1. Shape of the range 203-332 from its Cα gyration tensor (a ≥ b ≥ c, root eigenvalues): rounded if a/c is under 1.5, otherwise prolate when a/b > b/c, or oblate?
2. With a Förster radius of 30 Å, plug the Cβ-Cβ distance of E72 and K177 into 1/(1 + (r/R0)^6) and report the FRET value to the nearest 0.05.
3. Suppose a student asked you for the relative contact order of the range 95-152, using Cα pairs under 8 Å spaced at least 6 residues apart; what percent would you report?
4. Where in the range 203-276 are there trypsin sites (Lys or Arg not before Pro) that are in a DSSP coil and have at most 16 other Cβ atoms within 10 angstrom of their Cβ?
5. Starting from 0.36 nm per residue, how many nanometres of slack lie between T88 and I328 once their C-alpha separation is accounted for?
6. What ³J(HN,Hα) values, in whole Hz, does the Karplus curve 6.51 cos²θ - 1.76 cosθ + 1.60 give for the range 260-274 when θ = phi - 60°, with x put for Gly and Pro?
7. Run the simple label-point estimate for E198 and D155 please: 7 Å along Cα→C-beta, distance reported in nm.
8. Rounded to whole Hz and in sequence order, give me ³J(HN,Hα) for the range 163-175 from the Karplus expression 6.51 cos²θ - 1.76 cosθ + 1.60, θ = phi - 60°, writing x for Gly and Pro.
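Each reported figure results from applying straightforward, stated rules to the coordinates on display, with no laboratory input. Small disclaimer: the values here were computed from a predicted structure and weren't measured. Here the Cβ positions follow ideal geometry from the backbone for every residue, glycine too, while neighbour counts run over all protein chains shown.
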Amino acid sequence: MEAKTKDLWVFVETNEDGSPKNVGIELLTPGRMMADKQGGKLVAVVIGSGVDAAVREASTHGADQVIVVDNEVFKHYTTDAYQIALVTLVEKYGPTSMMIGATNNGRDLGPRVSSRLQTGLTADCTALDINDDGNVAWTRPAFGGNLMATILCPDHRPQIGTVRPGVFKKSEPGEDKAEIIREDIQIDPSDIRTRVIELIKDMDAENVDLEGAEIIVSGGRGVGGPEGFAPVEALAKVLGATVGASRAAVDSGWISHSHQVGQTGKTVGPKLYIACGISGAIQHLAGMSSSDVIVAINKDEDAPIFGVADYGVVGDLFQVLPVLTEEIQKARA
Ligand SMILES: Cc1cc2nc3c(=O)[nH]c(=O)nc-3n(C[C@H](O)[C@H](O)[C@H](O)COP(=O)(O)OP(=O)(O)OC[C@H]3O[C@@H](n4cnc5c(N)ncnc54)[C@H](O)[C@@H]3O)c2cc1C
């Protein structure tokens, strides 16, 4: 389809209590810059049930306009209902580009919407820009994370991309001044081919908020086994930090996948990231290199993690971590 505007849309996914998922608000940060470069409006699209909180947050984090679809039918995510709503809106308003958070639901919704609109989608982006010709430059890891590919969609509109949570930071909230447009989209129940029968919460995943964490202490293969996470957890406890892990530790079954940082785990951006017994493979770095301060503890002085670390300790983590934990405890007391 042809774009009817130069507007850039950010789909702000909501939780069941109507609050926004962090990634939707994070995406308004690059969205603001890109919409300004494109010469269009930054529009947040909020679909859900009882979503006033999400609308307000979108409005105070830089959106010029918020398009809201608020209806009980959208309380639980279903591919069919959300796809119909989003495609209907895109066809009506004709944005030139649209960003969707690469959450489980976003990764499901994005491809469905792009295929219905017969346009392209770049999945799982980690960097964004607008080229001089007005196309979005969507950057994402390729070839197992060994290369970064920048992908353009010059011939079809809207250009769509999913973007990983935690890559961008939320802006400081400002004035609540966006124009709010309420759309009433009716979904025929027969169009929804799946039914939510029961919601089973993954309690472990709920308790591991890596993307929102200010401090993360991560363990890798160097911890040697599940019990090797004890000193990592002890340091995390005194710092009020969340425990992360490399894929090697997760694949070994020492800790659950909800702790994994990296290309196939979470992308994080804490103020402090402490990597313990992690070599610094490119796929791990893809998930944590934008942390403000990185500390690495590794017994191999040539480990690549020292290439991105602000502070490095060459040593055995089982000797270093207890001392560090004790000293921090003393300082705090
Ligand atoms: C498509 C793809 C996706 C991937 N996604 C991810 C991802 O999301 N996240 C991720 O982490 N990886 C990912 N990987 C795997 C990645 O390539 C590495 O294999 C992995 O990150 C290595 O984990 P590690 O650093 O813990 O282990 P290793 O590379 O084995 O490093 C262990 C480190 O511990 C140090 N060490 C050992 N004992 C001690 C000790 N007592 N004290 C201090 N240091 C010690 C060693 O010197 C070494 O540097 C992916 C790979 C592919 C191909």
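1. Here the range 203-332 falls in the rounded category.
2. For R0 = 30 Å, the calculated efficiency reads 0.55.
3. The value is 21 percent.
4. K271
5. Stretched out fully, the T88 to I328 stretch lengthens by 80.9 nm.
6. Each residue's phi maps through the Karplus curve to give 6, 10, x, 4, 9, x, 8, 9, 10, x, x, 6, 9, 10, 10 Hz.
7. Taking the two extended label points, one gets 4.9 nm.
8. For the range 163-175, the Karplus curve yields 10, 5, x, x, 6, 10, 9, 5, 7, 5, x, x, 5 Hz.
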